[in-house]
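The values are calculated or read from the model by the stated rules, or taken from the named source; none is laboratory data. Model, not experiment: these values are computed from the prediction. Don't worry about glycine lacking a Cβ; one is built from the backbone with ideal geometry, like all the others, and counts go over all protein chains shown.
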Amino acid sequence: MQTFPAFVLLLLVSWPAFAAVKTETVAYKEGEAALEGFLAYDDATEEKRPGLLVIPDWMGMQDHYNEIAKKLAGMGYVAFAVDIYGADVRPKTREEAGALAGKYKKDRAAMRQRVQAGLAELKRCKFVDGARTAAIGYCFGGTCVLELARSGADVSGVVSFHGGLNSPTPEDAKNIKGKVLVLHGADDPNVPPDEVAAFQDEMRKANVDWQMVYYSGAVHSFTKKSAGDDNSKGAAYNENADRRSWQAMRTFFDELFAPKK
């Protein structure tokens with residue numbers, strides 16, 4: 001009988017699960033605007049499963065968020081990194097990104113429509129259980145997922161990682177159907193205390209099921225290694241906050257998508 005070294009056996013056991021994660025570049029539209037997202041899923045089973053939107057930061061579609069989508073797919077979800085700016089719009093500088101993000105921050109209706117288009121595309125995937133969807137967003141994307149919730153979208157929950165919390169129409173919180181998780185750097189200078197307080201007041205008045213977790217020593221962009229490690233710049237990676245916030249998201253999804261008893 002042929003025997004194999006332990007590391008070979010480990011590869012043989014783990015390889016099928018790894019190989020089953022498939023990815024696709026998906027062309028879709030919001031009105032006449034051409035968009036291009038990134039879909040990741042495990043095709044080892046035909047069983048329908050929860051679908052997750054992934055909304056990037058102000059730099060738009062990037063490999064970093066495609067990798068997050070793939071990681072989520074490996075956990076058993078269908079993940080779709082969505083395009084807010086347009087298929088041919090990829091900012092190359094912070095200035096370009098700021099102008100693009102600012103456009104949608106000033107026009108929340110347009111922001112909501114772009115995110116809703118991504119949600120509709122996600123629900124079209126044959127592997128997605130349309131009754132079990134959620135959205136996660138980073139920085140600018142965090143603002144986007146909160147606006148998705150405020151729009152009354154049929155999602156089980158949303159998660160904001162170091163996102164903006166302000167809303168020009170806080171009364172829209174009454175439309176929120178799912179649960180809300182905000183993962184926040186305790187020292188984030190881009191989201192001042194009065195903005196945090198206004199957000200919490202907005203959630204309370206609308207009787208939303210919400211949670212907010214603060215991470216000590218963390219500023220903006222604490223999940224992104226490319227942000228560097230200098231907190232004095234206002235945006236920096238924080239390993240502890242990155243790890244802990246990811247686990248908080250996983251726990252949140254376990255609650256959202258647990259089988260009903």
For the structure I just gave you, tell me whether Tyr77 is in contact with a Leu (Cβ under 8 Å, 6 or more places away or on another chain), in contact (Cβ under 8 Å) with a residue 12 or more places away in the chain and of a type in the set (Ser, Thr, Tyr). yes
Of the residues in region 39-48, those that are surrounded by 19 or more Cβ atoms within 10 Å (Cβ to Cβ) and out of contact with any Ser or Thr (no Cβ under 6 Å at 6 or more places or on another chain) come to Leu39, Tyr41, Asp42
Among the listed residues Gly163, Gly185, Gly157, which satisfies the condition of being under 28 Å from Lys106 (Cβ atoms), touching a Cys at 6+ places or on another chain (Cβ under 8 Å) and surrounded by 22 or more Cβ atoms within 10 Å (Cβ to Cβ)? Gly163
Residues to consider are Asp154, Asp230; find the one that is of a type in the set (Asp, Glu) and under 24 Å from Gln113 (Cα atoms). Asp154
Please specify each residue of region 190-236 satisfying the condition of being surrounded by fewer than 14 Cβ atoms within 10 Å (Cβ to Cβ), assigned to a loop (DSSP other than H, G, I, E, B) and of a type in the set (Ser, Thr, Tyr). Ser216
Condition (residue is in contact (Cβ under 8 Å) with a residue 12 or more places away in the chain, in a loop (DSSP other than H, G, I, E, B) and under 29 Å from Thr93 (Cβ atoms)) applied to region 242-258: is it met by at least one residue? no
Matching residues, region 111-136, being in a helix (DSSP H, G or I) and within 13 Å of Val155 (Cα to Cα): Val115, Gln116, Gly118, Leu119, Ala120, Leu122, Lys123
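Here's the yes/no breakdown for (1) within 25 Å of Lys48 (Cβ to Cβ); (2) touching a residue at least 40 places away in the same chain (Cβ under 8 Å):
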| residue | (1), (2) |
| --- | --- |
| Arg124 | yes, no |
| Ile136 | yes, yes |
| Val145 | yes, yes |
| Gly163 | no, no |
Being at pLDDT 95 or above and within 20 Å of Val155 (Cα to Cα), is that true of even one residue in region 84-102? yes
For region 48-62, state whether one or more residues are outside any loop (DSSP other than H, G, I, E, B), in contact with a Gly (Cβ under 6 Å, 6 or more places away or on another chain), at pLDDT 95 or above and of a type in the set (A, V, I, L, M). yes
If we ask which residues in region 15-31 are within 25 Å of Ala153 (Cα to Cα) and either buried (at least 18 other Cβ atoms within 10 Å of the Cβ) or at pLDDT below 95 (or both), their number turns out to be 4
Only one residue in Arg90, Arg112 is over 14 Å from the mean Cα position of the chain (by Cα), of a type outside the set (Gly, Ala, Ser), closer than 22 Å to Ala34 by Cα and surrounded by fewer than 18 Cβ atoms within 10 Å (Cβ to Cβ). Which one? Arg90
Identity of the residue in region 152-189, in contact with a helix residue (DSSP H, G or I) (Cβ under 8 Å, 6 or more places away or on another chain), assigned to a loop (DSSP other than H, G, I, E, B) and of a type in the set (D, E, K, R), that ends up farthest from Ala101 (Cα to Cα): Lys177
Kindly evaluate Ala149 against the criterion of being outside any helix (DSSP H, G or I), buried (at least 20 other Cβ atoms within 10 Å of the Cβ) and either without any contact (Cβ under 8 Å) to a residue 40 or more places away in the chain or under 16 Å from the mean Cα position of the chain (by Cα) (or both). no
For region 37-74, which positions are in contact (Cβ under 8 Å) with a residue 40 or more places away in the chain and among the hydroxyl-bearing types (Ser, Thr, Tyr)? Tyr41, Tyr65
